[in-house]
Amino acid sequence: MEEMNNQNRNNRAWILLCASLLAASGCGSSTAETTASTAVATAAAETTQATTAETGTYTDLDLLDLDGWWVRPEGYVSIGISLLDYFYVDSDTGTWTGYDDYGQENGMGGDVWIEDGCLVLTGALGDEETAIPILDEYTLVDDNGAPYFEWTDDPGFTGDVTESGITGQWFANGDTSSDTYYVFHEDFSSEKCVMGSITNDTYHVTDMTGSAPSFNGVSIGPENYNPMQITFDNDVFSSLTLIANGKAFLSDDQYFIHEGSENDPDVRSECVLMLRTWKMTDESGYYMDFYPNYGVALYDSSASEIAPGTWSVSGGVIRIQWENGTEDELSLEIGDENSTLHYDTEGGDFTNSEW
């Protein structure tokens, strides 16, 4: 009975959270959230100011001193701006631009300046300003004082997503023993194998010109989403859009992972999240959709109220940053027929249908 009461309590808490998110969507943070967020940023800024005052070394930093590339430290588990791993500060224009693992703009960016010992970004978390404490001209820190971003003259991108990054075999659902797969060759020939039956074709790789997905008129996730797309000469109505930073694509109700990434659990998790709509298991009528541009939408059964946000996967942890400024953590249990998305922050599960 106690276990059942705890479960009911978790479900009620989750429903209240959903209602809060939906109520706050489109209206910014609540007063309490804004106050808490401001307090954290102020405390972090005061800590940074105290440090610089004691050393007397970095009190005169201006934006030119922070001009250039900023990257996540190796092994850092994202908090806060969960989608941003690389960004460039242009002191001449007073702007910053976010990039993905391949050196392509990820649709994030805005104005940037220094204020109260922090580097302040617009456009990183919806319409809010994000203040990141400055430790020195080479290090930005998070609210716990840990290195958050580090300056570098070489961001070390994985490499452009071109034909050279696409050649090789792509395994259905990451299963190397599957008799369903794609193979792309350097001469632009390809094979599509479905349960042992092979179709030959020629392919092309192009940049798509796109934007953020729209759900019932609500923009979801970063703007200026420009993924790579594979098209075919013979099967002109078939095309494949790369996801997971070019390491996978979805096709025929399956996901395909590029050789070399088939054992990467985070890539597989991203594919499973994007493959189907997720429905809350208690039949409360809440759903979630995950988009290739790392946008996410929480909505009710009528889709009349929608809470947008962004998402990321790192070290098996799924993080959602909602536009109202709150952040949640989830874990994914992948099954052979059905998968379950556990909502770790407030309790409550989502499930997808058979894939």
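For H185 and D253, a Förster radius of 25 Å and the Cβ-Cβ distance give a FRET efficiency of 0.45, rounded to the nearest 0.05. Across the alpha-carbon atoms of region 61-158, the computed radius of gyration and Dmax are 12.1, 35 angstrom. Here the extension length gained between I198 and D67 equals 42.0 nm, from 0.36 nm per residue of separation less the Cα-Cα distance. With all distinct Cα pairs included, what does the Kirkwood hydrodynamic radius of region 255-299 come out to in Å, to one decimal, could you say? Taking the inverse mean of 1/r over all distinct Cα pairs, region 255-299 comes out at 11.8 Å. Derived scalar couplings between HN and Hα for region 142-157 equal 8, 5, 9, x, 7, x, 9, 9, 10, 6, 8, 9, 9, x, x, 4 Hz in order, rounded to whole Hz, by the Karplus curve 6.51 cos²θ - 1.76 cosθ + 1.60 (θ = phi - 60°), x for Gly and Pro. Mind listing the long-range amide H neighbours of G348? Cut-off is under 5 Å, sequence gap 5 or more, other chains count too, H placed in the peptide plane at 1.01 Å from N. The list, which skips near neighbours in sequence, is Y343. Expressed per residue, the C-alpha convex hull volume of region 147-273 stands at 155 Å³. Spin-label model, A146/E105: points 7 Å from Cα along the beta carbon direction are separated by 3.2 nm. If R0 equals 35 Å, the separation of the Cβ atoms of T241 and D92 corresponds to a calculated FRET efficiency of about 0.50.
What translational D, rounded to a whole number of µm²/s, comes out for region 226-314 from Stokes-Einstein when the hydrodynamic radius is the Kirkwood one over Cα pairs, at 10 °C and 1.306 mPa s? The diffusion coefficient I find is 109 µm²/s. Per-residue packing, averaged as other Cβ atoms within 10 Å, sorts the ranges 187-195, 108-116, 240-248 into the order 240-248, 108-116, 187-195, beginning with the highest.
Measuring r between the beta carbons of E283 and D60 and using R0 = 45 Å, the FRET efficiency lands at 0.15.
Read-outs: derived from the displayed coordinates by stated rules, not from any lab. These figures come from a predicted structure and were not determined experimentally. Virtual Cβ from ideal backbone geometry, glycine too; neighbours counted across all protein chains shown.
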